[in-house]
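Novice: Handing you a structure now.
The values are calculated or read from the model by the stated rules, or taken from the named source; none is laboratory data. Everything quoted here is computed from the prediction, not taken from an experiment. Note that we place each Cβ from the backbone using ideal geometry, even for glycine, and neighbour counts take in every protein chain shown.
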Amino acid sequence: MTDRGNDSGTSGAAGLNRYGVRSVVRDLMFPVLSALILFAAAQTIDWFWGWLYCILYLAAFALMDATLVHRNPALLNERGKRKPGIRKWDMASLLLGAVTLLATALVAGLDKRYGWTISFPAAGRAAGVLLLIASFAIVAPAMVVNRFFDSTVRIEPERGHHVIASGPYAYIRHPGYLGAILFYLAAPLILGSWVTFVPALVGVGAYIARTALEDRTLYHELTGYQVYARRVRYRLLPGVW
């Protein structure tokens, strides 16, 4: 996810093109791949919390994309394009994010199989469900208002790239990354696996570093961002950072 300046969403009248369809398919394939890894590692499908995690994961992406098809299909069309000139740190953080996300499924499945986590509090699992829901509740509105919510860090003056502090951007500068971090924390809680916090926290660290690097890029390269940053002081967590 990339938070880069926000604009009001477009209506669904224009619809998806082939790039938008590619974006939706890609979004839905990732939770399916995670599910395959999770249950293959667990060597069982008799796992309530595993199914709940996968169903919530897939449903959240499906609902988010359905909302974008209606409210901001232009964003899906842009996200589905392959664009050159990706910065090295951008590509590295994207790869690390993807690897750690799949690693959470792998480690949680292995934990289920070998019983590394002996007990896990029910309150922790409930908190995980709430965090996952909160994650997408933050990301979806950000994507609706931000037609520049691309998968890579790019300044695009040819598309009128600029900053508008609406929606969740009125409170924090990178709501998409906050949502991603909450999702990483939700996974080991729902799946009831202490050891899964290892790859999850690596993923959290990757997104914190990505936030800092992207924020610095926007500060120096996106017109109006410095003024916006002085008004909206916090990158991820109000009152903290």
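Novice: So which helices (runs of 4 or more DSSP H) stay within the range 38-115 end to end and still have 3 or more residues that are at pLDDT below 95 and surrounded by fewer than 20 Cβ atoms within 10 Å (Cβ to Cβ)? Explain how you work it out, then say what you get.
Specialist: Values: elements: 48-71, 73-79, 88-114.
In the range 38-115, 48-71, 88-114 are the helices (runs of 4 or more DSSP H) which contain 3 or more residues that are at pLDDT below 95 and surrounded by fewer than 20 Cβ atoms within 10 Å (Cβ to Cβ).
Condition check ((1) of a type in the set (A, V, I, L, M); (2) within 21 Å of Ala165 (Cα to Cα); (3) at pLDDT 95 or above) across all residues:
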{"position": "Pro188", "(1), (2), (3)": "no, no, yes"}
{"position": "Phe197", "(1), (2), (3)": "no, no, yes"}
{"position": "Glu214", "(1), (2), (3)": "no, yes, no"}
{"position": "Tyr219", "(1), (2), (3)": "no, yes, no"}
{"position": "Leu222", "(1), (2), (3)": "yes, yes, no"}
{"position": "Tyr225", "(1), (2), (3)": "no, yes, no"}
{"position": "Ala229", "(1), (2), (3)": "yes, yes, no"}
{"position": "Val240", "(1), (2), (3)": "yes, yes, no"}
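Novice: Considering only residues that are surrounded by fewer than 24 Cβ atoms within 10 Å (Cβ to Cβ) and assigned to a loop (DSSP other than H, G, I, E, B), which ones fall in the range 168-195?
Specialist: Within the range 168-195, Tyr171, Ile172, Gly192, Ser193, Trp194, Val195 meet the criteria.
Novice: Of all residues in the range 216-231, which are buried (at least 18 other Cβ atoms within 10 Å of the Cβ) and of a type outside the set (S, T, N, Q)? Step through it out loud before you land on a result.
Specialist: Looking only at the range 216-231, we keep the residues that are buried (at least 18 other Cβ atoms within 10 Å of the Cβ), and these are 217-218, 222, 225, 228.
Within the range 216-231, Leu218, Leu222, Tyr225, Tyr228 qualify.
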